[in-house]
Amino acid sequence: MKELRLTHPISWLDGIDLRTGKIIQPDHPQRGESIAGKVLYIPHSIGSTVGAYIFFSLRKYGTAPVKIVLEEPDSITIGAELAGIPVELKGGREIRLEDTEIPDEFRRYLEREASISGAEGFVRVSSVHISGVSYATIGDAGREWLEGMKGKVRFRTLATTNPLGMDLIRWEEMGIPERFARGQLSIVDSLLQMGAIPSFTCTPYLVGNLPHFGEHISWGESSAVAYANSVLGAKTNREGGTKTIVSAATGYTSLYGRHLEVNRRPDFKVNPPEMEDLSDYYALAYLVGREYPNAVPVYLLRGSVPEMKALSAAGAASGSIELFYVPGVTPNPLQRVDQEVRVTRRELRGVYEDLSTFDGGADLVVLGCPHLSLQEFRVLSQMVSGRKATTRFWLYTSRSVLSLIERSGLKTALDRFGAEIWADTCMVVSPLEEMGVKKVATNSAKAAKYLRTLRGLEVEFLNLKEILERYSVPR
Ligand code: F3S
């Protein structure tokens, strides 16, 4: 049987061409090689937790590997088992879950995951966050898998949901094609029938799914995973989208990885230059995630919710950073670390250049990756006061935060500026390319990466001040 050995981690969501099985991840050493029909050896995955749905599509197109052998346990890749692709990890041992009340298929999956990953057993979880909710990312293969469970599976835990591919109320106004809306509504229907909470946001911690310090949880959405581990002090692995369904339905996860204290120790300190803007936090974490994909860094800086969201999102987009420390923010006791990595302003500027494919002339500005918080809306409404947009500005948030900014009057300044605010969805998981968009400006490194690789758009990564200077004028 043919083998393919990857020397660098793979981003399942946007690193493989589904129809050919070829690796398309930019800069990947094995780019151009096909995984179809091979025994695939990989270190681990990076990037989005929605990648776990890709295995259904690979099976559908006949481009799946026959087996995957992992170097390190990784929930997203182990999700391939749910699509019938065997996964192995050297040194695994058989572990059994004694609970006869959970669906057999899911019990077997958890046992398999625990065995493959060398878990210490299982732990009950009371909080799940489901990723892989957009029709644009999971496609028909994922939709059919969820539909098959409707009526059979009932969630046992609180399970919030990630953004959809469209605003659930104003999708027609957004320009979403009818065919897409039908696929999306079917996914929503399946999840709600199983008992999911229709939060449709990547910031579940801002809308009531707020685990406490030390709590074991099972979360998808890589940015939310890093936030939960690093800012809330809860314990979760970067769960694949399909695994979050298993955890919601069973109330369990396997006890390995970031659930164990031994895997939560910091690796090195990161000494950054002075942070000048929120987008610098994205650039910094993007750089660290790219250079040290699996590390636990200690960022020597300060910040509040927006900055922590930025660090969480970017380090898990260029790499697979699930946990970081910020002294004074991270509630976990900080152990001593001697090694220090210094980052210069020039290196940060390099990230802006690497992620930008054009310079001026965007046909759309997108803000809100991860979804905008109340603080960000407050700052934004002050910054746009007295100005008017010269390009379309689309802002993304949860429906809960939208309701607060409507009722508090914060939205008025943004309306006057000419911004459009969408809920339930985001720029990456909605089909912007099908809506005629070509060139997008953003202040999020995560959005910049995926808008290029997933949506095929031209991208400009700028800080907010630059965006407003370029794409708005005084009123
Ligand atoms: Fe959230 Fe979409 Fe970004 S799900 S983290 S806004 S890619």
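The values are calculated or read from the model by the stated rules, or taken from the named source; none is laboratory data. Only a predicted model underlies this, so the values are computations on that prediction, with no experimental measurement involved. Ideal geometry is used to build each Cβ from the backbone, glycine not excepted, and the neighbour counts take in all protein chains shown.
Being in a strand (DSSP E or B), within 28 Å of Leu284 (Cα to Cα) and within 12 Å of the ligand (Cβ to nearest atom) is not true of Tyr450. Scanning the stretch 60-69 for residues that are in contact with a helix residue (DSSP H, G or I) (Cβ under 6 Å, 6 or more places away or on another chain) and surrounded by 18 or more Cβ atoms within 10 Å (Cβ to Cβ) returns Ala64, Ile68.
Out of Gly175, Gly214, Gly208, Gly183, one residue alone is more than 16 Å from the ligand (Cβ to nearest atom), in contact with a Gly (Cβ under 7 Å, 6 or more places away or on another chain) and either at positive phi or modelled with pLDDT of 95 or more (or both). It is Gly214. A residue that is at pLDDT below 95, part of a helix (DSSP H, G or I) and within 22 Å of Phe55 (Cβ to Cβ) can be found somewhere in the stretch 149-165. When Val305 is tested against (1) more than 16 Å from the ligand (Cβ to nearest atom); (2) surrounded by fewer than 21 Cβ atoms within 10 Å (Cβ to Cβ); (3) touching a residue at least 60 places away in the same chain (Cβ under 8 Å), only condition (1) is not met. No other residue among Ala249, Ala317, Ala295, Ala283 is within 16 Å of the ligand (Cβ to nearest atom) and within 22 Å of Gly51 (Cβ to Cβ) apart from Ala317.
Annotation note: of Ile169, Ile130, the sole residue that is within 13 Å of the ligand (Cβ to nearest atom) and either farther than 27 Å from Gly84 by Cβ or buried (at least 19 other Cβ atoms within 10 Å of the Cβ) (or both) is Ile130.
So that you can scan it fast, the table gives a plain yes or no per residue for (1) within 30 Å of Val188 (Cα to Cα); (2) modelled with pLDDT of 90 or more; (3) surrounded by fewer than 22 Cβ atoms within 10 Å (Cβ to Cβ):
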{"site": "Pro43", "(1), (2), (3)": "no, yes, yes"}
{"site": "Leu58", "(1), (2), (3)": "yes, yes, no"}
{"site": "Asp74", "(1), (2), (3)": "yes, no, no"}
{"site": "Thr77", "(1), (2), (3)": "yes, yes, no"}
{"site": "Ala83", "(1), (2), (3)": "yes, yes, yes"}
{"site": "Gly91", "(1), (2), (3)": "no, no, yes"}
{"site": "Glu120", "(1), (2), (3)": "no, yes, yes"}
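Of the listed requirements (1) at pLDDT 95 or above; (2) within 15 Å of the ligand (Cβ to nearest atom); (3) more than 22 Å from Glu376 (Cβ to Cβ), Pro431 misses just one: (1). Here Leu311 meets the list (1) among the aliphatic types (A, V, I, L, M); (2) outside any helix (DSSP H, G or I); (3) within 16 Å of the ligand (Cβ to nearest atom) almost entirely, failing just condition (2).
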